[in-house]
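A quick write-up on the structure given underneath.
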Amino acid sequence: MQHLCESRYFRCKPVNMFRNYFVVAWRNILKSKWYSLINTLGLSIGMAVALLIGLWIWDEVSYDHYYPNHARVAQMMTTQTFNGHTGTGQAVSLPIAKELRAKYGSDVSKVAQTSWNFGHILAVGDKKISEGGLFAEPDFTEIVPIRMLSGRKDALKDPSSILLNQSMARALFGKEDVVGRIVKMDNKAQLRVAGVFEDAPRNTSFFETKFLLSWGQYALQNDWLKRNETNWGNHSWQLFVLLAPQADAARVTAKIKDMPKAHNKDGNESLILQPMDNFHLYSDFTDGKVSGGRIRFVWLFGIIGAFVLLLACINFMNLSTARSEKRAKEVGIRKTVGSLRGQLIGQFLCESVVVALLALVLAVVWVLIALPFFNTLADKDMHLPWAQPLFWLLVVGFSMFTGLLAGSYPAFYLSSFEPIKVLKGSFRAGRYASLPRKILVVVQFTVSVTLIIGTILVFEQINYARSRPVGYSREGLIVLNMTTPEISGHYDVMRGDLLHTGAVVDMSESSSPVTDIWSNQIGFNWKGKDPNTVPLFGIVACTHDFGRTMGWNIKEGRDFSRKFITDSGGMILNEAAVKLTGLPHPVGEIIQWDDKPHTVIGVVKDMVMQSPYQPIKPTIFYLDYGWTQVITVRLNPAMTTKAALAAIEPVFKRYDPGSSFEYHFVDEQYARKFADEKRVGSLATVFAVLAIFISCLGLFGLASFVAEQRTREIGMRKVLGASLFNVWRMLSRDFVVLVIISCLIAIPISWIGLHQWLQQYEYRAPMSWWVFAVSSLGALAITLGTVSWQAVRAGLINPVSALRSE
């Protein structure tokens with residue numbers, strides 16, 4: 001009945017035809033359970049990887065789309081050139097906002113200045129919570145529209161008000177109605193909760209902003225704010241704008257880019273409006289222009305996902321074409337009774353689509369199992385959008401496309417057999433019939449070996465930067481932020497109490513932690529300085545004990561000392577700062593800073609305080625007890641960390657009762673500098689392992705088929721005296737040759753790609769030969785391990801049984 005339907009195609013309804021295709025496809029799948037299992041498993045893993053990467057890519061490209069007017073929001077950026085380097089950053093001066101409102105109202109609907117998302121302590125009774133929040137002008141809630149759950153959205157007009165997000169409100173008050181309740185901030189201000197807004201998703205720029213504070217309150221706490229309202233040189237704030245409906249960020253940038261030069265003719269500053277849609281993916285700038293960002297990871301993982309899925313499709317093609325002789329008679333009979341080639345193609349494509357749909361079900365199961373782990377690895381909060389019809393339409397369409405792609409070559413290949421040759425028994429696959437399969441195996445292992453090489457080199461780069469000398473000792477260092485005013489002004493007494501506990505070796509205060517530099521300044525002059533240059537230095541205000549606490553290395557001169565009163569006007573330079581000044585013997589030289597003389601008393605070896613992948617920033621250290629914001633403590637190595645922390649906690653609570661005892665280990669803060677690269681390496685490792693697994697799965701299926709196909713040959717060889725080793729070598733040789741070819745192709749491809757990737761780091765690992773050698777040998781070992789099981793199994797078959805079966 002099946003063949004009559006096919007021979008009278010024009011009389012059959014399409015529904016009956018496809019139902020017939022499905023029934024035959026299902027029977028063929030059940031008939032070859034082993035190969036169907038390999039195909040389904042391989043495809044399901046490839047599809048699961050593609051689904052996970054697809055979810056990750058969607059999370060990335062939809063960043064900030066939570067805000068309905070994201071296409072009109074932009075942040076002001078400034079581009080400046082210092083020390084021969086042009087950089088673009090988010091810090092802006094205060095007068096820009098006033099001029100935007102006054103002169104560019106037709107292009108900019110709303111303007112709002114904000115502080116940075118620094119941590120503040122919110123207290124309700126004895127409950128104290130430290131989280132990040134912004135001081136912002138009232139229009140900020142219109143530019144970045146928060147979704148209010150209760151209270152007033154315009155509350156930022158009132159300096160005594162605060163807006164909490166839902167999580168913060170629950171943490172402070174539980175499930176009570178919090179509007180109108182009082183919160184104490186940093187043990188300074190009593191603020192009234194004016195509203196609660198919805199938590200922003202993780203894939204937003206303001207996910208870590210847990211509360212909003214009035215700009216008026218910021219002005220009350222910082223009297224120097226008013227003095228900087230006309231200062232175009234102090235870049236200490238952020239600025240966000242809502243563009244007019246007809247405005248475009250690029251056109252508005254062209255109008256305003258030279259605004260600062262009209263007020264500071266000696267300056268080299270220009271302005272850029274960065275659209276919110278580019279905040280996340282296009283955050284890197286070169287010479288004042290966008291040069292990329294996380295978008296390179298989107299492309300990278302998109303390509304990896306496509307290749308892993310391709311590997312799974314190759315498995316399907318290889319196993320289907322390898323079994324061509326077993327289905328040749330079927331094709332011959334069906335063509336004899338009138339089946340058209342198009343009908344045969346449809347039948348084989350239907351089989352592959354059925355396998356793909358089965359694989360989709362299994363892939364969804366894999367994704368559900370892997371998603372929690374994947375979220376942790378990728379630092380995401382992704383979920384399958386079960387309730388969105390578009391998602392299921394895309395997923396089913398994607399799986400059908402995968403099935404058609406995987407089954408295309410086998411369908412056209414199998415349907416091309418000539419029925420006369422097949423039925424006469426004279427059909428042979430041909431001398432070069434296995435060539436396409438060999439090419440596909442080479443493609444599989446080329447991709448897999450390239451991924452292995454890339455993964456190893458990513459971790460090599462991380463380890464290379466991690467092992468870079470940092471210029472100080474991180475062991476036992478902890479830092480605490482000086483958030484409340486009570487902690488200030490007690491330095492000497494508190495330090496004495498901490499040393500008296502025996503848990504502390506030394507303590508100091510500074511304007512920034514040793515893992516960062518929070519202030520950069522210009523306005524320096526010295527003997528022999530080129531008057532046409534405007535050098536930029538990192539500035540760290542510190543106490544006398546900073547160097548001893550950090551364990552820095554004095555190269556020339558001496559450390560700060562209480563024995564010398566003149567050290568209040570002294571400076572210590574790092575090696576990069578000495579190189580920038582060009583002073584051959586800097587100790588004793590005078591450096592003018594804002595026309596005030598400072599004597600260089602020492603030079604320290606460079607310390608890695610910022611990115612471990614970039615050159616050391618020229619940095620100046622000077623004494624200033626009034627500008628410190630961070631406490632650094634070195635714990636006694638003779639005590640356990642737990643005991644030491646328990647001993648010093650009461651001391652901090654005595655001097656800072658308004659804060660909770662929150663500390664951070666310096667080595668953990670330093671480790672965070674490698675987070676992005678480590679995350680990429682970990683994800684690449686997972687994908688490389690899956691790629692190898694899929695490739696080996698296909699190799700296992702092919703080896704199994706080849707062993708089955710050559711059963712009689714193996715039996716005859718054993719009768720003639722062939723050993724188990726001879727059989728193993730015979731079956732393994734061809735696969736090993738293919739993998740060697742793959743390695744020879746993968747090595748130059750990966751070298752070119754990774755060389756380009758490493759160029760983004762100025763401090764980068766060398767591309768050692770052993771990375772390529774280990775990857776290639778590993779691929780060969782995996783190949784031999786995969787094929788050997790089938791080869792040994794075939795070699796152990798009794799030759800009498802093998803010959804009788806023929």
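Couple of notes before you dig in:
- Normalised per residue, the volume of the convex hull around the Cα set of the stretch 354-406 (Å³): 88 Å³
- Taking all protein chains together and a 1.4 Å probe, the residues Leu134, Leu690 rank Leu690, Leu134 from largest to smallest accessible area.
- Here the relative contact order of the stretch 561-616, from alpha carbon pairs under 8 Å that lie six or more residues apart, stands at 37 percent.
- Within the stretch 601-656, trypsin sites (Lys or Arg not before Pro) in DSSP loop having at most 10 other beta-carbon neighbours inside 10 Å: none
- Cα point-scatterer Debye curve for the stretch 128-284, base-10 log of I(q)/I(0) at q = 0.16 Å⁻¹: -1.03
- Helix 724-758 axis, angle to the chain major axis (alpha carbon atoms, nearest 10°): 30 degrees
- For the chain, the longest principal axis of the C-alpha atoms and the axis of helix 491-500 are separated by about 60°.
- Each residue of the stretch 228-240 was assigned a 3J(HN,Hα) from its phi angle through the Karplus expression (A = 6.51, B = -1.76, C = 1.60, θ = phi - 60°), giving 9, 5, 10, 8, 7, x, 9, 9, 9, 9, 10, 9, 10 Hz with x at Gly and Pro.
- Across the cross-link table entries Lys110/Lys289; Lys98/Lys188; Lys642/Lys673; Lys188/Lys678, which are compared at the Cα atoms, the separations over 32 Å belong to Lys188/Lys678.
- Using a probe of 1.4 Å, the accessible surface attributed to Trp751 totals some 110 Å² when neighbouring protein chains are kept in position.
- Checking the Cα-Cα distances for Lys103/Lys153; Lys127/Lys380; Lys103/Lys261; Lys261/Lys579 against a 23 Å cut-off, the pairs over it are Lys103/Lys153; Lys127/Lys380; Lys261/Lys579.
- Accessible solvent surface per residue of the chain, calculated while the other protein chains remain in place, 1.4 angstrom probe, Å²: 47 Å²
- With contacts taken as Cα pairs under 8 Å and at least 6 residues apart, the chain reaches a relative contact order of 15 percent.
- Crossing angle, helix 769-795 versus the chain [Cα axis fit, 0-90 degrees, rounded to tens]: 30 degrees
- Nonpolar atom fraction for the stretch 92-142, defined as the carbon and sulfur part of the 1.4 Å probe accessible area, stands at 48 percent.
- Contact order relative to length of the stretch 90-167, as percent, for alpha carbon pairs under 8 angstrom and 6 or more apart: 21 percent
- Computed over neighbours whose Cβ is under 12 Å from that of Gly538, the net charge equals -1, Lys and Arg +1, Asp and Glu -1.
- Apportionment of accessible area to carbon and sulfur, the stretch 524-681, percent (1.4 Å): 54 percent
- Of the chymotrypsin sites (Phe, Trp or Tyr not before Pro) in the stretch 88-158, the ones in a loop by DSSP (not H, G, I, E or B) with at most 16 other beta carbons within 10 Å are Trp116.
- Taking 0.36 nm per residue of separation and subtracting the current Cα-Cα distance, fully stretching the chain between Arg341 and Ile369 would add 5.9 nm.
- Within the accessible area of the stretch 735-778 (1.4 Å probe), percent carbon and sulfur: 76 percent
- Taking 0.36 nm per residue of sequence separation and removing the Cα-Cα distance, the Lys563/His65 pair yields an extension gain of 173.4 nm.
- Taking all protein chains together and rolling a 1.4 Å probe, Ile782 ends up with roughly 60 Å² accessible.
- Residue order for Ile453, Ile57 - accessible surface, 1.4 angstrom probe, largest first: Ile57, Ile453
The values are calculated or read from the model by the stated rules, or taken from the named source; none is laboratory data. Predicted model, so just to flag it, every value in this text is computed and none were measured. Heads up, the Cβs are rebuilt from the backbone with ideal geometry, glycines too, and the neighbour counts pull from every protein chain shown. Keep in mind that these areas ignore ligands, DNA and RNA; they rest on the heavy atoms of the full protein, side chains included. Shrake-Rupley method; radii C 1.70, N 1.55, O 1.52, S 1.80 Å.
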